[in-house]
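Asker: I'd like to ask you about the structure that follows.
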Amino acid sequence: MTTKMFKKILIANRGEIACRVMKTAKKMGIKTVAVYSEADKEARHVQMADEAVCIGPAPSRESYLVMDRIIQACKDTGAQAVHPGYGFLSENEQFAKRCEEEGIVFIGPKHQSIAAMGDKIASKKLALEAKVNTIPGFNEAIDKAEDAVKIAQGIGYPVMIKASAGGGGKGLRVAFNDKEAFEGFTACRTEALNSFGDDRVFIEKFVEGPRHIEIQVLGDSHGNVVYLGERDCSIQRRHQKVIEEAPSPFIDPATRKAMGEQAVALAKAVNYQSAGTVEFVVGKDKSFYFLEMNTRLQVEHPVTEGITGLDLVEQMIRVAAGEKLAFKQEDIQLDGWSMECRINADDPFRNFLPSTGRLVKYRPPQEMDGVRVDTGVYEGGEIPMFYDSMIAKLIVHGKDRTEAIEKMRSALNDFVIRGIHSNIPFQAALLQHPRFVSGDFTTGFIAEEYPHGFKTDSVQPADPKRLAALAAFMRYRYLEHIKMIDGQLVGHEMIIAKKFVVVTGARVGSKEDPYEIPIRLELKENVYSVYIEEADGVSRYDIVSNWRPGEICLHATINGTSKITAQVERRGTKYLLVLDGAQFECMVLSPLGAELQRRMPVKVPPDTSKLVMSPMPGLLTTIAVKVGDAVTAGQKIAAIEAMKMENTLTAAQDGVVAEICAKEGDSLAVDQLIIRFE
């Protein structure tokens, strides 16, 4: 059978995944069409495409989710096929069917396959018929909370209560007793109805010590299906994946084969034709159970590409064009280790609140030596409030897991983002956590290790003295730069002192009295030797670096072997160094300057206890109080929407509303005043 490749495809998506698909399409000689909302008219995916069509206002429900406009864009541009990416309409069976009816090829599975796997209850029944391991549970919709309690008792606690149409952590509760089962069922049902318009809820056994491990499958229209190894996606925060890797440090070859064969059996049962992912929960005894099948390209697909050498987007396009898979199961070989960090526009130090605005600086690490960056943004571009928070995906590949971790840590240190906050410090902290490094983690890892959230002191510098030495080096380089200024009198040139005092908080991040580190620095043959004398002896750091004042990334070799990359800034009289997620803020003073600094008065921060300020940029959707209302601690007082999430603001203490300083519908900036209490 001969096939004819597409000449032009439309990408019904935005951001990094739209750019990712375009990259492969252009490699294949296929022209691309972008669609965009009014908020995305300057977006990177619009600039990359051969053609671009505006499909509506900023809200996705008025643009990227409107099937008619996307199909019309295909007709207007002559696009023969549509790649949906992930999210939006990618798993919408109606959209896939509409495309088929309009003579447009949907680059993904057939609508029947999407329908079969899109419903959690129906998909579990299919999995059972295909002899795929399923979690013990009750797979019919449950009507009453009392019934839910009886069913949970029969299965045995703990149980997981899940909405049939749920996803992204919504409509999900874990219950350890009758009371939690009763309340969890009621909450899940309400949440599912509000979020998905479907209040069906089912119950299954909660697997202890769980890992989230998924199998990548690939099928064609000729009955061939293969699996491409597994991805470990257990590092999650509130059911959202943070770090993904392939292969899994937990799975052995026999388990991989068993999981892969069951995933293939399920894909064949629904005549699956494209790239898809079968998700499993794996217990600490390596027992595994089917969760769901994602009938689309996954966010984390690059790690599978890293260990197999396959381009999954290319395979999807070829399958959609009617081609047979060019390889069989025995041809699939796994090479090395791949890892992905999702770089998101949120502030880990403020409970991961969304961060929108302009990317004042955006400099990802260079794509070389096993480092890859998939992104949909550029320096000077905007991160809008209307869509998800992803800025980029950072992917590395190494010969083994240890090398992959080291590459990722180095790449994160070299990833510069300014103008908005990002989760890079959190990612960097995870990469050096002993449990992650050892591979000893479950889906509960982040909740267990950071029960009170991620704070500046959640991660400390591995060697604070080394960062103090780097700060002194920076100060010396600034003084060298000043010394080069013309106009100095001969014989009276500036002399750079050799003694400094690094003044910082007590062991970084402490609120105690400042901690002083006396330092002596000598320069010889381009080596900056820093000596730190303390009660426990003298530490020496020989620093070799071409860093110049004003550069954000400081690359240095220390003591001849240790190569590091730190992000550095000068903020007034202070220096800020960030390395592996740890922040080190200090002043570098002369001995006299340090003595005078001790005598400086401490500035008391203003009292904001009676003010409610916006914790992030966003749209003020609700003000739940009015002037004169008496409120109690924990009461909802306002709601802000940003990046597809509604964030509720509650009163920190009892009080009476004195003034409303903003109105519903306002676009708020960070720390903008909303409510003032008496």
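Asker: Closer than 25 Å to Asn92 by Cα, over 19 Å from the mean Cα position of the chain (by Cα) and in contact (Cβ under 8 Å) with a residue 40 or more places away in the chain: is that true of Leu266 in this structure?
Answerer: yes
Asker: Identify the residue in segment 632-656 that is of a type in the set (A, V, I, L, M) and out of contact with any strand residue (DSSP E or B) (no Cβ under 6 Å at 6 or more places or on another chain) and, among all such residues, is surrounded by the most Cβ atoms within 10 Å (Cβ to Cβ).
Answerer: Just the residues of segment 632-656 that are of a type in the set (A, V, I, L, M), to begin with: 633, 637-640, 642-643, 645, 649, 651-652, 656.
Among the residues that remain, those that are also out of contact with any strand residue (DSSP E or B) (no Cβ under 6 Å at 6 or more places or on another chain) are: 633, 645, 652.
On the way: Ala633: 10, Met645: 17, Ala652: 13.
So, considering only residues that are of a type in the set (A, V, I, L, M) and out of contact with any strand residue (DSSP E or B) (no Cβ under 6 Å at 6 or more places or on another chain), the one surrounded by the most Cβ atoms within 10 Å (Cβ to Cβ) is Met645.
Asker: Something else about it: Does Gly560 qualify as being part of a loop (DSSP other than H, G, I, E, B) and either over 30 Å from His433 (Cβ atoms) or touching a helix residue (DSSP H, G or I) at 6+ places or on another chain (Cβ under 7 Å) (or both)?
Answerer: No; evaluated as a whole, the condition is false for this residue.
Asker: If we only count helices (runs of 4 or more DSSP H) wholly inside segment 62-151, which ones have 3 or more residues that are in the same structural domain as Leu266 (by TED's automatic domain parsing)?
Answerer: Ranges flagged: 111-118, 120-129.
Asker: Something else: So which residues in segment 159-178 are in a loop (DSSP other than H, G, I, E, B) and either modelled with pLDDT under 90 or surrounded by 21 or more Cβ atoms within 10 Å (Cβ to Cβ) (or both), if there are any at all?
Answerer: Across segment 159-178, the qualifying residues are Gly168, Gly169.
Asker: Here's a follow-up. Working only within segment 381-396, note down all residues that are at pLDDT 95 or above and more than 21 Å from Ile307 (Cα to Cα).
Answerer: Ile391
Asker: Please work out which one of (1) at pLDDT below 95; (2) over 25 Å from Asp198 (Cα atoms); (3) of a type in the set (Gly, Ala, Ser); (4) not in a helix (DSSP H, G or I) is the condition Gly154 fails and give its number.
Answerer: (4)
Asker: Just give me the residues in segment 344-369 being part of a loop (DSSP other than H, G, I, E, B), of a type outside the set (S, T, N, Q) and either surrounded by 16 or more Cβ atoms within 10 Å (Cβ to Cβ) or in contact with a Ser or Thr (Cβ under 9 Å, 6 or more places away or on another chain) (or both), in sequence order.
Answerer: Scanning segment 344-369 gives Ala345, Phe352, Leu359, Pro364, Pro365.
Asker: Out of (1) over 30 Å from Gly380 (Cα atoms); (2) in contact with a strand residue (DSSP E or B) (Cβ under 9 Å, 6 or more places away or on another chain), what's the single condition that is false for Pro84?
Answerer: (1)
Asker: Shifting gears a bit: Note down all Cβ pairs under 9 Å where the first residue falls in segment 436-448 and is in a helix (DSSP H, G or I), the second is among the small types (Gly, Ala, Ser) and surrounded by 15 or more Cβ atoms within 10 Å (Cβ to Cβ), and they're at least six residues apart or on different chains.
Answerer: Every condition considered, the pairs that remain are Phe445/Ser234.
Asker: All but one of (1) among the basic types (Lys, Arg); (2) assigned to a strand (DSSP E or B); (3) not assigned by TED's automatic domain parsing to the domain that holds Leu523 hold for Lys626, so report the exception by its number.
Answerer: With respect to (1) among the basic types (Lys, Arg); (2) assigned to a strand (DSSP E or B); (3) not assigned by TED's automatic domain parsing to the domain that holds Leu523, Lys626 is out only on (2).
Asker: In segment 50-70, which residues are at pLDDT 95 or above and touching a helix residue (DSSP H, G or I) at 6+ places or on another chain (Cβ under 6 Å)?
Answerer: Glu51, Ala52, Val53, Ile55, Gly56, Pro57, Met67
Yes/no matrix, rows are residues, columns are (1) over 26 Å from Thr255 (Cβ atoms); (2) without any contact (Cβ under 8 Å) to a residue 40 or more places away in the chain; (3) among the aromatic types (Phe, Trp, Tyr); (4) out of contact with any strand residue (DSSP E or B) (no Cβ under 8 Å at 6 or more places or on another chain):
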| site | (1), (2), (3), (4) |
| --- | --- |
| Asn177 | yes, yes, no, yes |
| Ala181 | yes, yes, no, no |
| Asn194 | yes, yes, no, yes |
| Phe202 | yes, no, yes, no |
| Ile213 | no, no, no, no |
| Gly229 | no, no, no, no |
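Yes/no per residue for (1) at pLDDT below 95; (2) in contact with a Pro (Cβ under 8 Å, 6 or more places away or on another chain); (3) of a type in the set (A, V, I, L, M):
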{"position": "Gly108", "(1), (2), (3)": "no, yes, no"}
{"position": "Ile114", "(1), (2), (3)": "no, no, yes"}
{"position": "Asp119", "(1), (2), (3)": "yes, no, no"}
{"position": "Lys124", "(1), (2), (3)": "yes, no, no"}
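Asker: Looking at this structure, is Gly444 surrounded by fewer than 19 Cβ atoms within 10 Å (Cβ to Cβ), modelled with pLDDT under 95 and under 30 Å from Ser60 (Cα atoms)?
Answerer: Criteria not met by Gly444.
Asker: Test of understanding: among Ile532, Ile543, which residue is buried (at least 19 other Cβ atoms within 10 Å of the Cβ) and over 30 Å from Arg418 (Cα atoms)?
Answerer: Of the residues listed, the single one that is buried (at least 19 other Cβ atoms within 10 Å of the Cβ) and over 30 Å from Arg418 (Cα atoms) is Ile532.
Asker: Could you list all residues from segment 29-55 that are in a loop (DSSP other than H, G, I, E, B) and more than 22 Å from Ile107 (Cβ to Cβ)?
Answerer: Lys41, Glu42
Residues are listed down the side, and each one gets a yes or a no for (1) surrounded by 21 or more Cβ atoms within 10 Å (Cβ to Cβ); (2) modelled with pLDDT of 95 or more; (3) out of contact with any Leu (no Cβ under 9 Å at 6 or more places or on another chain):
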residue	(1), (2), (3)
His421	yes, no, no
Pro451	no, no, yes
Glu480	no, no, no
Ile485	no, no, yes
Leu489	no, no, yes
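Matching residues to (1) buried (at least 22 other Cβ atoms within 10 Å of the Cβ); (2) among the polar types (S, T, N, Q); (3) in a strand (DSSP E or B); (4) not assigned by TED's automatic domain parsing to the domain that holds Leu297:
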residue	(1), (2), (3), (4)
Ile213	yes, no, yes, no
Leu218	yes, no, yes, no
Arg231	yes, no, yes, no
Arg256	no, no, no, no
Ala265	no, no, no, no
Tyr272	yes, no, no, no
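Asker: Still on this structure: Can Ile203 be described as surrounded by fewer than 21 Cβ atoms within 10 Å (Cβ to Cβ), β-branched (Val, Ile, Thr) and more than 30 Å from Val21 (Cβ to Cβ)?
Answerer: For Ile203, the condition - surrounded by fewer than 21 Cβ atoms within 10 Å (Cβ to Cβ), β-branched (Val, Ile, Thr) and more than 30 Å from Val21 (Cβ to Cβ) - is not met.
Asker: Working only within segment 520-537, note down all residues that are among the small types (Gly, Ala, Ser) and either part of a strand (DSSP E or B) or in contact with a His (Cβ under 6 Å, 6 or more places away or on another chain) (or both).
Answerer: Ser529, Gly537
Asker: Let me ask something else. Since Leu297 meets every condition but one in (1) in a loop (DSSP other than H, G, I, E, B); (2) surrounded by fewer than 24 Cβ atoms within 10 Å (Cβ to Cβ), which condition does it not meet?
Answerer: Leu297 satisfies all of (1) in a loop (DSSP other than H, G, I, E, B); (2) surrounded by fewer than 24 Cβ atoms within 10 Å (Cβ to Cβ) except (2).
The values are calculated or read from the model by the stated rules, or taken from the named source; none is laboratory data. Because the structure is predicted, anything quoted here is derived from the model rather than measured. Positions of Cβ are generated from backbone atoms using ideal geometry, with glycine treated the same way; all protein chains shown enter the neighbour counts.
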